[in-house]
Amino acid sequence: MVKAIIAPSILAGDFAELGCECHKMFKSGSDWVHIDVMDGHFVPNITLGPPVIQSLRKAVPRGGADGKSASFFDCHMMVANPEQWVPEIAKAGGDQYTFHYEATKDPLALVKLIKSHGMKAACAIKPGTSVDVLYPLAEHLDMALVMTVEPGFGGQKFMASMMPKVADLRAKYPNMNIQVDGGLGADTIPAAAEAGANVIVAGTSVFKATDPAEMIQFLRDRVNN
Ligand code: DX5
Ligand code: ZN
């Protein structure tokens, strides 16, 4: 049985305080932080890129301030040319590189490129993309991401209609990390957990919670139980 991994999306944080926001999330018990990189081409929004990730890595070093805690940077690359940014994201301190299936001509070559730069490799599919495209790739992936909103913006409504994709993947790959991203919170986590998702991205619901630590724990318990 795969374990819950909770990955707050810093897109919902205060961009003037990103380092503090990351610290806050790790202190609140998050497993990863989810970093949404958008280029204004693949999606109609621009967020941040390698220089910001590099600064965040300095603020939140691997091994953590206490020398024990991990600080895993889950980089969701919503970019038109995912091959281009692999070396820079690796150098900046990314731990996992999630590219979009729709953005590349040769997903398997990209997976190999990502791994050769020492990062974990993951592949995302947009709501309109069939889950079938992931099957030839699955054995090479560290994670699959089933988008539950159209990528580009935080705070959108969770698409429950994506859950059959998650259930299909889970049935075929009992031990795979399956991530869902978009609109996850207290109301929508039951559907995602039942379908078999274990890696939960949550922006708005965690950052806007009165007690982020409590929300992180709530999401985790709902996946693990
Ligand atoms: C959307 C991003 C998501 C987003 C999730 O394109 O990939 O990571 O930040 O935010 P919420 O949880 O607010 O839907
Ligand atoms: Zn994302």
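The values are calculated or read from the model by the stated rules, or taken from the named source; none is laboratory data. In this text, all values refer to a predicted model and were calculated from it rather than measured experimentally. FYI the Cβ positions are ideal-geometry reconstructions off the backbone, even for glycines, and counts take in every protein chain you see.
Things worth noting here:
- Region 155-169 - residue that is touching a helix residue (DSSP H, G or I) at 6+ places or on another chain (Cβ under 7 Å) and either of a type in the set (Lys, Arg) or over 17 Å from Val43 (Cα atoms) (or both) and, of those, nearest to ligand 1 (Cβ to nearest atom): Ala160
- Selection status of Lys105, more than 22 Å from Met1 (Cα to Cα), over 16 Å from the mean Cα position of the chain (by Cα) and not in a loop (DSSP other than H, G, I, E, B): no
- Members of region 128-154 that are more than 14 Å from ligand 1 (Cβ to nearest atom) and of a type in the set (Val, Ile, Thr): Thr129, Val131, Val133
- Phe99 vs. criteria assigned to a loop (DSSP other than H, G, I, E, B), closer than 29 Å to Ile189 by Cβ and either acidic (Asp, Glu) or in contact with a helix residue (DSSP H, G or I) (Cβ under 6 Å, 6 or more places away or on another chain) (or both): no
- Test for Ala197: is it away from ligand 2 (no atom under 16 Å from the Cβ) and within 16 Å of Val223 (Cα to Cα): no
- Filtered residue count, region 208-225, keeping only those that are over 13 Å from Ile6 (Cα atoms), of a type outside the set (Lys, Arg) and in contact with a helix residue (DSSP H, G or I) (Cβ under 8 Å, 6 or more places away or on another chain): 1
- Meets criteria (loosely packed, with under 13 Cβ neighbours inside 10 Å and either of a type in the set (Lys, Arg) or modelled with pLDDT of 95 or more (or both)) for Glu88: no
- Within region 68-84, the set of residues being away from ligand 1 (no atom under 16 Å from the Cβ), surrounded by 15 or more Cβ atoms within 10 Å (Cβ to Cβ) and not in a loop (DSSP other than H, G, I, E, B) comprises Glu83 only.
- In region 133-155, the residues that are farther than 14 Å from Pro107 by Cβ and at pLDDT 95 or above reach residues that are among the basic types (Lys, Arg) and within 12 Å of ligand 2 (Cβ to nearest atom) with C-beta atoms within less than 7 angstrom, at least six apart or across chains, in these pairs: Met147/Lys126; Glu150/Lys126; Pro151/Lys126.
- Residues in region 19-40 that are in a loop (DSSP other than H, G, I, E, B) and not hydroxyl-bearing (Ser, Thr, Tyr): Gly29, Asp31, Gly40.
- Here region 1-55 is the region considered, the condition is being charged (D, E, K, R) and surrounded by 15 or more Cβ atoms within 10 Å (Cβ to Cβ), and the residue that is nearest to ligand 2 (Cβ to nearest atom) is Asp36.
- Residue, farthest from Tyr135 (Cα to Cα), within region 155-195, restricted to residues that are touching an Asp or Glu at 6+ places or on another chain (Cβ under 9 Å) and among the polar types (S, T, N, Q): Gln156
- Val166 passes every criterion in (1) surrounded by fewer than 23 Cβ atoms within 10 Å (Cβ to Cβ); (2) within 17 Å of the chain's Cα centre (by Cα) apart from (1).
- Note on region 186-203: among residues that are free of Cβ contacts under 8 Å to residues at least 60 places away in the same chain and surrounded by 19 or more Cβ atoms within 10 Å (Cβ to Cβ), the one that is nearest to ligand 1 (Cβ to nearest atom) is Thr188.
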